[in-house]
1. Using a 1.4 angstrom probe on the protein heavy atoms only, could you order A:LYS44, B:LYS57, B:LYS37 from most to least accessible area?
2. Can you give me the distance in nm between label points at B:GLU56 and B:LYS71, each placed 7 Å from the Cα along the Cα-to-Cβ direction?
3. Label point 7 Å out from A:GLN17 along Cα-to-Cβ: which residues of the stretch A:60-90 have amide N under 14 Å?
4. Given charges of +1 on the Cβ of Lys and Arg and -1 on the Cβ of Asp and Glu, with all other atoms neutral, how large is the dipole of chain A about its Cα centre, in debye to the nearest 20?
5. About the Cα centre of the protein assembly as shown, how large is the charge dipole given +1 on each Lys and Arg Cβ and -1 on each Asp and Glu Cβ? Please answer in debye to the nearest 20.
6. So how many Å³ per residue does the convex hull of the Cα atoms of chain A work out to?
7. Name the residue from A:PRO100, A:VAL47, A:GLY85 whose Cα lies farthest towards the positive end of the charge dipole of chain A, charges +1 on Cβ of Lys and Arg and -1 on Cβ of Asp and Glu.
8. What whole-number distance in Å separates the alpha-carbon centres of the stretch B:10-58 and the stretch A:30-63?
Amino acid sequence: NAGVMQNPRHLVRRRGQEARLRCSPMKGHSHVYWYRQLPEEGLKFMVYLQKENIIDESGMPKERFSAEFPKEGPSILRIQQVVRGDSAAYFCASSETGAPYEQYFGPGTRLTVT
Amino acid sequence: GENVEQHPSTLSVQEGDSAVIKCTYSDSASNYFPWYKQELGKRPQLIIDIRSNVGEKKDQRIAVTLNKTAKHFSLHITETQPEDSAVYFCAAPDLSGYALNFGKGTSLLVTP
């Protein structure tokens, strides 16, 4: 049973470019959460999605950031016009239910903005 | 949102000793408390969790205790081994009930 998959694992972007991060949940999981981790800090919630729906995006900056989880394919976190402050590790997690129970994390995408 | 405080930020123990990490939370309605282990450059791994209807849960060398009255929960690792060295995060549900709010982490070092 494959775990949560994320790609790419490392992404380098110049300021002003776009970053696209992908997440495939565990088999049987239809709930996806995105978290951001700054160096030597804890994880901060960004957005929670179910298939085709954004349920809670209260942790996601209003500008430049967007997320989707289409009916087919992985969940996508998109960051437009990246700035140096966007450099971080972005983790997605998935769960079988819609509550916070038993969230399993992917390996993360480490975004570096130069 | 839910405020989760974690202590200590760093902990160094000798192999074979016990390690205890404590977290406090603010929302008395919280009912789920997981602990994650993160090795350097790796994903956070769920190692144990507890729901509010029990006061203690144990899995081999790892245990979690919950005090709902005082709103704190603790991770206990007994007979520590060097491979236990990692950053440990506690978490509690966000007020929305969907996401997790994480503590800032405890860097545990187990020296041989």
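1. Ranked from most to least accessible, the order is A:LYS44, B:LYS57, B:LYS37.
2. Between B:GLU56 and B:LYS71, the label points sit 2.5 nm apart.
3. A:79-84, A:87
4. Result for chain A is approximately 540 debye, rounded to the nearest 20.
5. Computed about the Cα centre, the dipole is about 760 debye.
6. It is 97 Å³ per residue.
7. Toward the positive end, the furthest listed residue is A:GLY85.
8. 22 Å
The values are calculated or read from the model by the stated rules, or taken from the named source; none is laboratory data. A quick note: this is a predicted structure, and the numbers were derived from the prediction, not measured. Neighbour counts run over all protein chains shown; Cβ positions are idealised from the backbone, glycine included. Remember, those area values only see protein heavy atoms, side chains included, never the ligands or the DNA or RNA. Shrake-Rupley method; radii C 1.70, N 1.55, O 1.52, S 1.80 Å.
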